[in-house]
1. If you check every pair at least six apart or on different chains, which have Cβ atoms under 6 Å apart with a residue in segment 91-106 that is over 17 Å from K153 (Cβ atoms) first and a residue that is part of a strand (DSSP E or B) second?
2. Residue check: is S160 open to solvent by 60 Å² or more (accessible area, probe 1.4 Å) and in a helix (DSSP H, G or I)?
3. State all residues of segment 20-42 that are touching a residue at least 40 places away in the same chain (Cβ under 8 Å) and surrounded by fewer than 17 Cβ atoms within 10 Å (Cβ to Cβ); if no residue qualifies, say none.
4. Only one of G184, G199 is open to solvent by less than 20 Å² (accessible area, probe 1.4 Å), closer than 22 Å to L211 by Cα and not polar (S, T, N, Q). Can you tell me which?
5. Applying the selection to segment 166-181, what residues are open to solvent by less than 40 Å² (accessible area, probe 1.4 Å), out of contact with any Phe, Trp or Tyr (no Cβ under 8 Å at 6 or more places or on another chain), assigned to a helix (DSSP H, G or I) and over 12 Å from T13 (Cα atoms)?
6. So which of S30, S59 is assigned to a helix (DSSP H, G or I) and over 19 Å from the mean Cα position of the chain (by Cα)?
7. Kindly establish whether V97 is assigned to a strand (DSSP E or B), modelled with pLDDT of 95 or more and not acidic (D, E).
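The values are calculated or read from the model by the stated rules, or taken from the named source; none is laboratory data. As the structure is a computational prediction, the values presented were derived from the model and not from experiment. Cβ placement follows ideal geometry from the backbone for every residue including glycine, while neighbour counts extend to all protein chains displayed. Protein only, heavy atoms only, side chains kept; ligands, DNA and RNA dropped before computing areas. Shrake-Rupley method; radii C 1.70, N 1.55, O 1.52, S 1.80 Å.
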Amino acid sequence: MTVKAVLFDIDGTLVDSNDQHVAAWQDVLSRAGATLDAAVIHEQIGKGTDMLVPALLPSADEAEQERLGQEHGALFKERFLDHIRPFPGARALLEKVATSGRQVVLASSASADELEHYVDLLEARDLVSVSTTSDDVEATKPAPDIFSTALDKLAPLAPSDVVVVGDTPYDIEAAAKCGIPAVGVRSGKFSDEALLDAGAIGLYDDVAALLDGFAGSPLNQ
């Protein structure tokens, strides 16, 4: 295998935002009558609204799911988005991938507006070749749509030509459904067991550690 492109998740992988997403969902769900512990919500972070809400609020119909997702998006942007910061080494890793001759791909369950904000935050507009968001697909992670859509945009590259970097088991599962190997980072605060059980081929503490070990990592194969 020669890696020709690296598909990066964003939230919890490149930017430190998982706790803020938990707080936003906790607020929105509480208003809907569901008082949930932060740890319970965290276990679903990495999914889009279409997957997260049914897992936490099974009684919600499609209209309520959409309403809650809109409320979460609005609250997150109003209260949290401007306070999100990149993880140390995030832009440097993207640059390392690009200068090694590989394509940098952002593949996130976030909205297109949030992705645009993060691209600017990372100062990565000149580094990113392809991006996919929840706005591009029918189903978010752990469904394969986000990564399969990215692969379509990368044609004629095959699953064996790319690797995913993500912080949640849902990133790893979605990649596996496309036949793409995936590396897990611990910065999203999921357990090693969860990431490995999902199929991660390697684990790193964060993107800075992945950058430090780039030469021997799955990204450089």
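1. Hits for this filter: L94/V104.
2. Yes, satisfied.
3. A23, D27, R31
4. Just one listed residue meets the conditions, G184.
5. Y170, I172
6. When all the criteria are applied, what remains is S30.
7. Against the criterion (assigned to a strand (DSSP E or B), modelled with pLDDT of 95 or more and not acidic (D, E)), V97 does not qualify.
Per-residue answers, yes or no, for (1) among the aliphatic types (A, V, I, L, M); (2) assigned to a helix (DSSP H, G or I); (3) in contact (Cβ under 8 Å) with a residue 12 or more places away in the chain:
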{"site": "E193", "(1), (2), (3)": "no, yes, no"}
{"site": "D197", "(1), (2), (3)": "no, yes, yes"}
{"site": "L203", "(1), (2), (3)": "yes, no, yes"}
{"site": "L219", "(1), (2), (3)": "yes, yes, yes"}
